[in-house]
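Presented below is the structure to which this report refers.
The values are calculated or read from the model by the stated rules, or taken from the named source; none is laboratory data. Quick caveat: nothing in here was measured; it's all calculated off a predicted structure. Cβ: placed from backbone, ideal geometry, glycine included. Neighbour counts: every protein chain shown.
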Amino acid sequence: MRSLSVLPEEVPSAIERLQADAKEQKRAMTALQTELARFRAEELAAGAEATPAGQLVMRSIDADAGALKSLATAIAAKAGYVVVLVSVSRPLLVVVARSADASIVSQHVLAELTARFGGRGGGKPELAQAGGLDGDPEAVLGAAREIIMRPRA
């Protein structure tokens, strides 16, 4: 009660106020994280490499699976993008995403990466993700580039 600086009979309402404040702070933090992800996605998209497969964004990033997925999804929402993001922490996390108009199949790229580097994952043609890959982030990105740039029949 001392830490709340309230009288005993005011404890329930003080706790309700603290819970409401915590909920509001969490909502504000989520909004700021979303805004930051949008800016990071814009920055990554601006650095895309023009390739026959589309605008290619390939980066290793210090982020968790949720942040990788959010960034990749935000970039792939634009037309003509193929995105491969790899975590810098080990075991590696990988997200492969593509715009609706890109011909790359994300889960095929991911399947080849997990066959080569281990790990497990899955997804759909437009978005696939995996965890547990063993290797250097740059090696995974290099392999992804090779897979994406391979001529298709």
- Among the strands (runs of 3 or more DSSP E) lying completely within region 1-109, list those that include at least 1 residues that are under 12 Å from the mean Cα position of the chain (by Cα). 54-61, 81-87, 92-98
- Any idea which residue in region 42-56 is surrounded by the most Cβ atoms within 10 Å (Cβ to Cβ), counting only those that are under 16 Å from ALA100 (Cβ atoms) and of a type in the set (A, V, I, L, M)? ALA53
- Item | Subset of region 130-146 [touching a Leu at 6+ places or on another chain (Cβ under 7 Å) and at pLDDT 95 or above] | ALA130, GLY131, LEU133, PRO137, VAL140, ALA143, ALA144
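Table: residues versus (1) at pLDDT below 95; (2) assigned by TED's automatic domain parsing to the domain that holds LEU85.
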| site | (1), (2) |
| --- | --- |
| GLU16 | yes, no |
| LYS23 | no, no |
| ALA53 | yes, yes |
| VAL57 | no, yes |
- Message: I'd like to check something: does region 121-134 contain any residue that is out of contact with any Cys (no Cβ under 9 Å at 6 or more places or on another chain), over 18 Å from ALA67 (Cα atoms), part of a helix (DSSP H, G or I) and not small (Gly, Ala, Ser)?
- Response: no
- Note on the structure: The condition of being in contact with a Lys or Arg (Cβ under 7 Å, 6 or more places away or on another chain), among the hydrophobic types (A, V, I, L, M, F, W, C) and within 27 Å of ASP134 (Cα to Cα) holds, among ALA76, ALA41, ALA53, ALA37, only for ALA76
